[in-house]
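Here's the structure, in C-alpha cells; my notes come after.
The values are calculated or read from the model by the stated rules, or taken from the named source; none is laboratory data. Owing to the predicted nature of the structure, the values given are computational and were not obtained by experimental measurement. Here the Cβ is made from the backbone with ideal geometry for all residues, glycine too, and neighbour counts use every protein chain on show. Quick note on the areas: whole protein, heavy atoms, side chains included, nothing else; ligands and nucleic acids left out. Shrake-Rupley method; radii C 1.70, N 1.55, O 1.52, S 1.80 Å.
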Amino acid sequence: MPDLSGMRFAETHEWVKQDGETATVGISEYAQSQLGDVIYLELPAVGQQLDAGVRLGVIESVKAASDLYSPVGGEVTEANAELKDHPEYVNQDPYGKGWIIKLRAVKDNPKLLDQKAYDAFVEGQSH
Amino acid sequence: MTAARTPLYEEHVRLGAQMTNFGGWVMPLQYSTIREEHRAVREAVGLFDLSHMGELRIGDESLVQRVVSRDVTRLRPGRIQYAVLCNDAGGIIDDVLVYAMPDRGYLLVVNAGNQDGDFGWMRKHAQAANAARNIGREWALIGVQGPRAVGLVERLTSSELGDVKYYAFVEGTVADVPCVISRTGYTGEDGFELFCGNADAVRLWRVLLEEGRSDGIRPSGLGARDTLRLEAGMRLYGNDMDADTNPLEAGLDWTLNLEKDFIGRDAIVTSRQQGLSRQLVGFKMLDRSIPRHGYRVVSDGEGIGTVTSGNVSFTLGYSIGMAYVPPAMSEPGTRVGVDVRGTAAPAEVVSLPFYKRPHPK
C-alpha cells in the first residue's frame, strides 16, 4: 500500500496531498476501480485558477465520461503530461504516477475527509 | 424484474468478475481490465460466456424464409448466414445468425434483449402454434476467440475442424460435452462459438480455461466484447440500428435478397427508390477525444448526424466510432466534427471495418 498519510479526500473521490507550497491532486483507488480502464483525460491549462469543488476536467474510461472536481482551490502549475500517452497510470497507480494536477497558492477546503473518514464514506456508498 | 443468471454465473463470481446487467441478464463486464482482455483476444485467446444470447428453433422453412432478409433455401446444412429481421416498415427488429441444421430445420441465434420479442414475432407469423421453439434458456453459449482459439478447440475435440470454415458448423463434442461447434464470432478474430446444454456449461468452461492456460487464455467480459466488435465494424443492435433504421441505412445491403418476398421487403425497395437520407459510416477521431453514443456529428457548425458507437481502439491507438450522416457526407476522407462537450472535435470518415485480422483463414 502507498503511504496515504496526509492525504485528504473529497466526496467526489479526488485526493489531495499538500507538500509545502504545492498540492497534488488525483483520484482514489475506489474511483479508479469504479471507472475501469481510463483512456483519456481532459485537463486544465497551466495558470488556470480553480476554486474548491469546481470542475477541473473530465476523465474518460471505456465505460463513460465523468467530471473531475478540484478538492481545493489554487492555481494550476502542472498537469500530468505522462497521462497523455499513459492514461492507464491512473488505474495502475492512482496515488503515485497516476497523479493528475498540481496547484499552488492553495486555498484549503475544510470539508475534505481524512483517509479513515473517506473509507467509511465509500463503505456507506457501496452498500 | 430481476436479471437472469447464466449457468456460468458462479464461475464468474469465483473469477472475481465485475458484473453488469445486459439485455435482462447479469453478465461479466470484465474480469481483469478491458484493455488486457481485448489484447488477449487479438493476440492469444479469450473465453466468453455468451449464454445470454437467444436461440430459436424453427422447423418450418417457409416461416424462416418469410421473416429473414436472405434466401435461406440457398443455405446448405452446416452453413450459417448473418441476416436481419424487419418489420413491415423495413425497420430492423433484430440481427440474427441463421443456422441450417442437419435435420433441415433452422436455428436462429438472436440478441439477448430481443429473444422474447423475436419469438413472439415468429409465432405471430407462423401457420402452426408449435412452428417455433424458444430454447434460449436451455442452452449455454461459450465463445472461444483469438488466433489461438482454433488450436485450443482442436485439442479438445475429435471432430475434423479443418472442414469447418468461417460461418459453418458441426455437431460434435468438445471436452466430451455435446456441442454445436460454430466457426463464428463477434470480435474480428478467428474462433468458435460452442452451444451446449446448461448442465454441461460449467464443465466445458473449466476445461477450456485449464487447457487454454498454455495459450494465454483470459476469461473476457462484455466490455472487451464491445471494444472488439467495434474495431471489427460489427453493428450492435440497439446502438447502431433499431426498429427506426432500415438495413440500407445501416449498411447491411449485403444481407438483403430483394428477389424474394419477406416482411419489410416492399418498404425497403421503396426506400431505395426514394433515396436514403442517412447512412451508417465509420469515422476516426483526428484528436484524442472519445466519441460516444448519442453525440452529435457536425459540419460547419450544423448538426448533420449522430454517433451510434464510439470508443478508443486499443489495437489501433486512436478513437473510432460509427455514426449516421447524410449520404453526401459518407465518402471516406470526408472531414466532419463530433460535438464533444460543446467542442467540434475533428474526425474523418473511414471505410469499415477499422480492423481486419492479419491472416484470415
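When the accessible area of the range B:83-188 is computed with all protein chains present and a 1.4 Å probe, what percentage of it is carbon and sulfur? Result for the range B:83-188: 47 percent of the exposed heavy-atom area is carbon or sulfur.
When all protein chains stay in place, what accessible area (Å², nearest 10, 1.4 Å probe) is found for residue B:70? Looks like 60 Å² after rounding.
Taken about its Cα centre, chain A carries a charge dipole of about 220 debye when Lys and Arg each add +1 at the Cβ and Asp and Glu each add -1 at the Cβ. In this Cβ point-charge picture (+1 for Lys and Arg, -1 for Asp and Glu), the protein assembly as shown has a dipole of about 760 debye about its Cα centre.
Take chain B with all the other protein chains still there, run a 1.4 Å probe, and you get 41 Å² of accessible area per residue.
Please report the relative contact order for chain B, taking Cα pairs under 8 Å with a sequence separation of at least 6, and give it as a percent rounded to a whole number. Walk me through the intermediate numbers first.
On the way: 835 pairs, mean separation 64.2, N = 361.
RCO, chain B: 18 percent.
For the full complex of protein chains and a 1.4 angstrom probe, list B:325, A:46 by accessible area with the highest value first.
On the way: B:325 5, A:46 105 Å².
Most to least solvent-accessible, the answer reads A:46, B:325.
Here chain A has 47 percent of its accessible surface on carbon and sulfur atoms, given a 1.4 Å probe and all protein chains in place. Considering only beta bridges that DSSP places wholly inside the protein assembly as shown, some 95 percent are antiparallel. Helical content of the protein assembly as shown, expressed as a calculated mean residue ellipticity at 222 nm, amounts to -5500 deg cm²/dmol (DSSP H runs of 4 or more residues, -39,500 (n - 2.57) each, divided by residue number, nearest 500).
Chain B and chain A together bury an accessible surface of about 1400 square angstrom, both sides counted, with a 1.4 Å probe and no ligands or nucleic acids included. Rounded to 0.05, the FRET efficiency of the residue A:78 and residue B:254 pair, given R0 = 56 Å and the Cβ-Cβ distance, is 0.60. P(r) tail, chain A: Cα-Cα pairs separated by more than 26 Å, 13% of all pairs.
Measuring nothing but alpha carbons in the protein assembly as shown and taking Rh as the Kirkwood radius, the Rg to Rh ratio lands at 1.02.
Here's the picture: a label point sits 7 Å out from the Cα of residue B:127 along the beta-carbon direction, and within the range B:58-84 the residues with their amide nitrogen under 13 Å of it are B:59-66.
Extension gain for residue B:300-residue B:239 works out to 19.4 nm (0.36 nm per residue, less the C-alpha to C-alpha distance). Figure note: B:125, B:12 ranked by solvent-accessible area, largest first, 1.4 Å probe, ligands and nucleic acids not counted: B:125, B:12.
Beta bridges assigned by DSSP with both partners in chain B are antiparallel in approximately 90 percent of cases. Once backbone amide H atoms are built at 1.01 Å from N, residue A:57 has A:68 as its partners under 5 Å, excluding neighbours fewer than 5 places away on the same chain.
Only protein heavy atoms count here; on that basis, with a 1.4 Å probe, residue B:351 has an accessible area of about 80 Å².
Students sometimes get this wrong: rank B:49, B:176, B:300 by accessible area, probe 1.4 Å, all chains present, largest first.
Values: B:49 5, B:176 120, B:300 150 Å².
Sorted by accessible area, descending: B:300, B:176, B:49.
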